[in-house]
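K.L.:
One structure follows; several queries about it will come next.
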Amino acid sequence: MTTEQLFQKRMKHSWRQAIHILVSISRGSGFPILIGMIVIFFYMGYQQFLTWYPADFPLALMLAIVYAPIITFTNIRTWLQKADLIFLLPLEHRMQSYFKQSLIYTGSVDLIRMLFLFSVAYPVFRLHMGSSLDYLLTLCWMIALQIMNLLLKWNVLRSKQLFTPFQQKLWDLLRVFIIFFALYTFLQHYWSGALISIIIMLVLLFQSQRNASRIYPWEKMIQIESNTRVRFLNWVNWFVDLPFHAERTIYARKWLMWIIQKTERHQDAFLYLYTRSFIRDRDLFPMYLRINFFFACLIIFIPSVFFQFFAIALSMILEAIQLLDIANPNRYPIWISLYPQQNTLQWSRLIRNLLFVQMFFLSFVAYFSNIPLLSICTLLLIGGISIVLYVYLYLPFKFKKANPTLLG
Amino acid sequence: MLQVEKVTGGYSLSHAVIHQLTFSVTNAEIVGLIGLNGAGKSTTIKHILGLMSPHTGTIKLDGNSLKEDTKSYRSKIAYIPEVPQFYEELTLWEHLELTALAYQIPTETFLSRANDLLELFRMQRAKKWFPNTFSKGMQQKIMILCAFLVEAKYMVIDEPFVGLDPLAIQAILQLLLEMKQKGMGILLSTHILSMAEKYCDRFLILDQGRIKLAGTLQDIQLQLNQPSISLEECFYKVVND
């Protein structure tokens with residue numbers, strides 16, 4: 001088997017697995033309903049935005065802000081595994097075509113993603129920024145930026161120079177900024193600015209190519225691949241219970257833990273554990289903030305009481321699905337079932353509190369964007385009852401059914 | 001006393017892994033659980049911990065089964081697993097704090113015991129670190145620290161020495177003896193037979209899920225009619241028959 005064939009085999013196997021998981025998600029976890037709700041919500045909100053859109057709205061700036069991170073984000077898929085350090089390392093001299101395939105695959109996926117996401121901008125582009133030809137030219141410009149971005153990322157990955165995590169973040173930010181500048185200047189027809197940005201990209205590309213090592217960064221690539229897999233499995237975990245424990249990425253979040261330590265009363269072991277799980281998990285806490293921030297912005301910008309109500313409900317559903325992961329017994333080692341103190345559904349207290357905080361926060365935002373007080377009170381009442389039913393009826397039933405020995 | 005009475009059990013009702021096991025662990029003694037891979041040692045331990053339910057037979061701690069008094073049963077038993085199992089999101093110190101909370105250890109007692117144990121196992125500098133950055137031996141030390149922190153009445157230990165450095169092995173053996181003197185009943189599963197012979201008071205030799213021989217070394221030698229052979233030789237005789 002050649003290394004290209006090995007890549008193809010791994011890629012196909014991974015897709016088959018992913019499709020299998022996605023099919024099982026779509027069969028019975030509320031996922032299709034959720035997607036349907038998001039699509040309908042987005043469609044209606046977008047229509048409202050197009051009608052509301054004022055003439056002096058900085059559309060080019062908004063498009064650059066939205067699409068620069070999309071162009072910059074790329075996840076080089078290699079499907080390398082730990083065992084490759086033993087079995088493929090001796091073949092390093094023949095791995096060039098493997099990694100070439102990996103870059104072609106990654107570039108294609110990035111391209112498809114961008115084509116899809118940029119097609120969303122077509123109506124607004126066509127109405128307010130120019131012709132279909134302008135749209136196509138912008139698309140070509142974005143594709144060029146995306147290809148250069150991918151090559152730049154690949155070269156930096158292979159760099160002889162070691163980067164600290166902070167330097168790595170700075171470098172990523174720099175790429176986002178250059179691409180933002182390139183896109184903004186192109187959309188505004190500031191040709192000199194666009195030319196300068198593309199020259200900067202080419203110089204960086206050339207420099208990084210010269211600085212790239214001939215030896216592949218195996219361990220780094222294996223780690224990236226493992227992180228991708230964990231992210232996917234964690235996401236899947238929101239909808240279906242995985243029978244195995246996926247390795248997680250943990251962040252210390254010292255500043256937040258300092259606040260928690262100052263405020264918590266150390267009485268319950270399980271609440272102690274669940275709070276830390278929530279705060280330190282790579283996704284749970286940032287996602288909580290993102291959902292709150294995103295829906296608060298929506299509520300401010302969408303001038304319709306109905307949509308504001310709908311946005312709050314949708315945000316609560318999304319957060320509730322996400323927080324399920326805290327209560328999932330598969331997440332923790334056997335210790336939780338050996339402690340003398342019974343796990344009297346302490347996770348429900350944490351989930352309940354987080355959902356209530358979210359509901360009050362978004363209702364507060366809605367109140368200040370002109371929802372009548374009576375409607376807010378109704379919303380709080382319905383939301384409160386839904387949270388209590390979800391936390392005290394649905395969740396205990398769901399997890400007791402999944403693992404009767406692990407919950408009190 | 002930990003009493004295991006005619007316990008048969010396994011992962012499925014149709015396929016028992018352990019058969020009619022009967023033994024006890026009294027206070028202030030170390031009982032060695034010995035057997036080949038797949039002999040049923042871990043399954044026995046899982047039954048004692050209540051992670052598996054016996055098909056038939058009973059397991060009692062000081063007269064109560066897990067179902068009769070869950071809280072008391074769990075508070076009386078500490079466990080060191082063979083493979084370190086830790087919370088990725090907690091630091092070493094937080095593991096200790098969590099254990100103290102779960103076993104309701106008063107703060108002052110906790111601080112004193114925790115600091116002594118960290119000192120003994122040379123883990124002070126790592127107490128604010130996350131375990132996924134540790135070596136396997138250091139991860140195993142978390143399990144040991146948490147188990148000894150509790151100072152439970154009974155302790156179940158599954159292969160505790162894998163990956164440990166010589167100083168840590170020495171420290172754990174020393175602690176086991178100290179705890180035994182304080183009255184702890186210890187069930188120790190190990191493959192290091194020379195160490196078992198030196199530190200255990202009694203032995204259970206398990207083969208294919210059944211107790212083949214049990215008792216002190218002298219009892220076992222008598223049963224084999226070989227008065228002067230070592231535990232290792234006794235073991236080979238049992239499993240090779």
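The values are calculated or read from the model by the stated rules, or taken from the named source; none is laboratory data. Just so it is clear, the structure is predicted and the values come from calculations on it, not from any experiment. As a convention, Cβ positions derive from the backbone with ideal geometry for all residues, glycine included, and neighbour counts pool all protein chains shown. These accessible areas exclude ligands, DNA and RNA; they are computed on the full protein's heavy atoms, side chains included. Shrake-Rupley method; radii C 1.70, N 1.55, O 1.52, S 1.80 Å.
K.L.:
Going by the structure shown, is A:Leu273 within 14 Å of chain B (Cβ to nearest Cβ) and of a type outside the set (Val, Ile, Thr)? First the steps, then the outcome.
P.N.:
Numbers: within 14 Å of chain B (Cβ to nearest Cβ): yes; of a type outside the set (Val, Ile, Thr): yes.
Yes: the conditions hold for A:Leu273.
K.L.:
Can you confirm whether A:Val357 is open to solvent by less than 20 Å² (accessible area, probe 1.4 Å) and either within 25 Å of B:Ile77 (Cα to Cα) or aliphatic (A, V, I, L, M) (or both)?
P.N.:
no
Results for (1) without any contact (Cβ under 8 Å) to a residue 24 or more places away in the chain; (2) over 17 Å from B:Val4 (Cα atoms), shown as yes or no for each residue.
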{"residue": "B:Leu173", "(1), (2)": "no, yes"}
{"residue": "B:Ala196", "(1), (2)": "no, yes"}
{"residue": "B:Arg202", "(1), (2)": "no, no"}
{"residue": "B:Leu206", "(1), (2)": "no, no"}
{"residue": "B:Asp219", "(1), (2)": "yes, yes"}
{"residue": "B:Gln223", "(1), (2)": "yes, yes"}
{"residue": "B:Gln226", "(1), (2)": "yes, yes"}
{"residue": "B:Ser230", "(1), (2)": "no, yes"}
{"residue": "B:Val239", "(1), (2)": "no, yes"}
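K.L.:
Considering B:Thr91, B:Thr109, which residue is of a type in the set (Ser, Thr, Tyr), out of contact with any helix residue (DSSP H, G or I) (no Cβ under 7 Å at 6 or more places or on another chain) and over 24 Å from B:Gly163 (Cβ atoms)? Spell out how you get there, then give the answer.
P.N.:
Working: B:Thr91 fails: over 24 Å from B:Gly163 (Cβ atoms).
Going through B:Thr91, B:Thr109 in turn, just one is of a type in the set (Ser, Thr, Tyr), out of contact with any helix residue (DSSP H, G or I) (no Cβ under 7 Å at 6 or more places or on another chain) and over 24 Å from B:Gly163 (Cβ atoms): B:Thr109.
Matching residues to (1) of a type in the set (S, T, N, Q); (2) at negative phi; (3) open to solvent by 20 Å² or more (accessible area, probe 1.4 Å):
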site: A:Leu150; (1), (2), (3): no, yes, no
site: A:Gln167; (1), (2), (3): yes, yes, yes
site: A:Trp171; (1), (2), (3): no, yes, yes
site: A:Phe181; (1), (2), (3): no, yes, yes
site: A:Gly193; (1), (2), (3): no, yes, no
site: A:Met201; (1), (2), (3): no, yes, no
site: A:Ile250; (1), (2), (3): no, yes, yes
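K.L.:
Another question, if that's okay. Quick one: count up the residues across region A:258-272 that are of a type in the set (Val, Ile, Thr) and open to solvent by 90 Å² or more (accessible area, probe 1.4 Å). Working first, answer last.
P.N.:
Residues of region A:258-272 of a type in the set (Val, Ile, Thr): A:259-260, A:263.
Checking the rest, the ones that are also open to solvent by 90 Å² or more (accessible area, probe 1.4 Å) come to A:263.
So the answer is 1.
K.L.:
Restricting to region B:123-144, name every residue that is assigned to a helix (DSSP H, G or I), open to solvent by less than 50 Å² (accessible area, probe 1.4 Å) and of a type outside the set (Val, Ile, Thr).
P.N.:
To start, the set of residues in region B:123-144 that are assigned to a helix (DSSP H, G or I) comprises B:124-126, B:131-133, B:136-144.
Filter again for open to solvent by less than 50 Å² (accessible area, probe 1.4 Å), leaving B:126, B:131, B:137-144.
Correct list: B:Ala126, B:Pro131, B:Gly137, B:Met138, B:Gln139, B:Gln140, B:Lys141, B:Met143.
K.L.:
Then there is this: Against the definition (in the same structural domain as B:Leu21 (by TED's automatic domain parsing), more than 23 Å from B:Val162 (Cβ to Cβ), buried (at least 16 other Cβ atoms within 10 Å of the Cβ) and out of contact with any Lys or Arg (no Cβ under 9 Å at 6 or more places or on another chain)), how does B:Gln221 come out, yes or no?
P.N.:
Numbers: in the same structural domain as B:Leu21 (by TED's automatic domain parsing): yes; more than 23 Å from B:Val162 (Cβ to Cβ): yes; buried (at least 16 other Cβ atoms within 10 Å of the Cβ): yes; out of contact with any Lys or Arg (no Cβ under 9 Å at 6 or more places or on another chain): yes.
It is true that B:Gln221 is in the same structural domain as B:Leu21 (by TED's automatic domain parsing), more than 23 Å from B:Val162 (Cβ to Cβ), buried (at least 16 other Cβ atoms within 10 Å of the Cβ) and out of contact with any Lys or Arg (no Cβ under 9 Å at 6 or more places or on another chain).
K.L.:
Next question, about the same structure. In region A:86-108, which residue that is open to solvent by less than 60 Å² (accessible area, probe 1.4 Å) and hydrophobic (A, V, I, L, M, F, W, C) is nearest to A:Thr74 (Cα to Cα)?
P.N.:
Taking region A:86-108 and keeping what is open to solvent by less than 60 Å² (accessible area, probe 1.4 Å), we get A:88, A:91-92, A:95, A:97-99, A:101-103, A:105-108.
Those left that are additionally hydrophobic (A, V, I, L, M, F, W, C): A:88, A:91, A:95, A:99, A:103.
Values: A:Leu88: 25, A:Leu91: 26, A:Met95: 21, A:Phe99: 15, A:Leu103: 10 Å.
So, considering only residues that are open to solvent by less than 60 Å² (accessible area, probe 1.4 Å) and hydrophobic (A, V, I, L, M, F, W, C), the one nearest to A:Thr74 (Cα to Cα) is A:Leu103.
K.L.:
Moving to a separate point now. Whether any residue in region B:170-184 is in the same structural domain as B:Tyr103 (by TED's automatic domain parsing) and either more than 27 Å from A:Ile336 (Cα to Cα) or of a type in the set (Val, Ile, Thr) (or both) is what I want to check.
P.N.:
Here is the first cut: in region B:170-184, the ones in the same structural domain as B:Tyr103 (by TED's automatic domain parsing) are none.
No: zero hits.
K.L.:
All but one of (1) within 14 Å of chain A (Cβ to nearest Cβ); (2) open to solvent by 40 Å² or more (accessible area, probe 1.4 Å) hold for B:Val150; which doesn't?
P.N.:
Every condition holds for B:Val150 apart from (2).
K.L.:
Let me ask another. Please give the helices (runs of 4 or more DSSP H) falling wholly within region B:65-122 in which 2 or more residues are over 21 Å from A:Leu271 (Cα atoms), open to solvent by 30 Å² or more (accessible area, probe 1.4 Å) and of a type in the set (D, E, K, R). Write out each step before concluding.
P.N.:
Values: elements: B:70-75, B:92-102, B:107-120.
Here the list reads B:107-120.
K.L.:
Can you pull out every residue in region A:303-320 that is open to solvent by less than 30 Å² (accessible area, probe 1.4 Å), closer than 26 Å to A:Val236 by Cβ and hydrophobic (A, V, I, L, M, F, W, C)? Give the derivation first.
P.N.:
To start, the set of residues in region A:303-320 that are open to solvent by less than 30 Å² (accessible area, probe 1.4 Å) comprises A:304, A:307-308, A:311-312, A:314-316, A:319-320.
The next check asks that each one be closer than 26 Å to A:Val236 by Cβ; those that pass are A:311, A:314-316, A:319-320.
Hits for region A:303-320 are A:Ala311, A:Leu314, A:Met316, A:Ala320.
K.L.:
Any idea which of (1) within 22 Å of the chain's Cα centre (by Cα); (2) under 30 Å from A:Asn155 (Cα atoms); (3) open to solvent by 30 Å² or more (accessible area, probe 1.4 Å); (4) not hydrophobic (A, V, I, L, M, F, W, C) is the one A:Gln5 doesn't satisfy?
P.N.:
(1)
K.L.:
Another one. Would you call B:Ile211 within 25 Å of B:Leu21 (Cα to Cα) and modelled with pLDDT of 90 or more? Walk me through it before giving the result.
P.N.:
Working: within 25 Å of B:Leu21 (Cα to Cα): yes; modelled with pLDDT of 90 or more: yes.
The answer is yes for B:Ile211.
K.L.:
Assuming B:Ser42 fulfils every condition listed in (1) surrounded by fewer than 18 Cβ atoms within 10 Å (Cβ to Cβ); (2) within 14 Å of chain A (Cβ to nearest Cβ); (3) among the small types (Gly, Ala, Ser) apart from one, which condition is it?
P.N.:
That leaves (1) as the condition not met.
K.L.:
Let me ask something additional. Please find, among B:Leu61, B:Leu92, B:Leu36, B:Leu98, the residue that is assigned by TED's automatic domain parsing to the domain that holds B:Gln208 and farther than 16 Å from B:Leu188 by Cα.
P.N.:
Numbers: B:Leu92 fails: assigned by TED's automatic domain parsing to the domain that holds B:Gln208; B:Leu36 fails: farther than 16 Å from B:Leu188 by Cα; B:Leu98 fails: assigned by TED's automatic domain parsing to the domain that holds B:Gln208.
Testing whether each residue is assigned by TED's automatic domain parsing to the domain that holds B:Gln208 and farther than 16 Å from B:Leu188 by Cα leaves just B:Leu61.
K.L.:
Being within 11 Å of chain A (Cβ to nearest Cβ) and open to solvent by 30 Å² or more (accessible area, probe 1.4 Å) is the filter here, so list the residues in region B:51-64 that pass it. Before the answer, list the steps.
P.N.:
Going through region B:51-64, the residues within 11 Å of chain A (Cβ to nearest Cβ) turn out to be B:51-53.
Result: B:Leu51, B:Ser53.
K.L.:
On to the next question. How do the pairs read when you match residues in region A:335-364 that are over 15 Å from A:Phe278 (Cβ atoms) and within 14 Å of chain B (Cβ to nearest Cβ) with residues anywhere that are aromatic (Phe, Trp, Tyr) and crowded, with 20+ Cβ neighbours inside 10 Å, using Cβ under 7 Å and keeping only pairs 6 or more apart or on different chains?
P.N.:
These pairs meet every condition: A:Leu338/B:Tyr79; A:Pro340/B:Tyr103; A:Asn343/A:Phe270.
K.L.:
Let me ask another. Residue check, A:Phe285 against (1) modelled with pLDDT under 85; (2) within 13 Å of another protein chain (Cβ to nearest Cβ), all met but one. Which one?
P.N.:
Going through the list (1) modelled with pLDDT under 85; (2) within 13 Å of another protein chain (Cβ to nearest Cβ), A:Phe285 breaks only (1).
K.L.:
Let me ask something additional. State whether the residues of region B:74-86 include one that is more than 18 Å from the chain's Cα centre (by Cα) and facing another protein chain (nearest Cβ under 8 Å).
P.N.:
The initial filter retains those residues of region B:74-86 that are more than 18 Å from the chain's Cα centre (by Cα), namely none.
Checked region B:74-86: no residue is more than 18 Å from the chain's Cα centre (by Cα) and facing another protein chain (nearest Cβ under 8 Å).
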